[in-house]
């Protein structure tokens with residue numbers, strides 16, 4: 001803690017004038033953290049789109065409407081081929 005009672009980051013060095021000498025590094029770290037967070041989120045969304053949640057009625061109904069099959073036919077195909085969207089759509093298109 002500083003004499004004023006404020007928390008001080010021990011990783012930052014402060015010159016006599018009171019400016020942060022590693023301010024550029026602080027911004028670089030924050031930018032890298034923002035990029036890493038965005039990348040992780042995008043990857044999760046892409047993987048989620050490649051799968052079908054067979055237990056979710058809205059997903060089953062979406063696939064049924066998209067392929068022109070009934071909801072029970074989609075569930076049956078889901079149980080047979082798994083939750084990968086491409087395989088499920090290929091099975092239903094036959």
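Counting neighbouring beta carbons within 10 Å and listing from fewest to most, the residues 52, 81, 29 come out as 29, 81, 52. Over the stretch 50-94, what is the relative contact order in percent, taking alpha-carbon pairs closer than 8 angstrom and at least six residues apart? Once divided by the residue count of the stretch 50-94, the mean separation gives 41 percent. Quickly work out the residue 62-to-residue 80 label distance, labels modelled 7 Å from Cα along the C-beta direction, and quote it in nm with one decimal. About 2.3 nm separates the two model spin labels.
Laboratory data are not the source of any read-out in this text; all were calculated from the coordinates shown. Just so it is clear, the model here is predicted, and its values are computed rather than measured. When we count neighbours, we look across all protein chains shown, and the Cβ atoms used for this are built from the backbone with ideal geometry, even at glycine.
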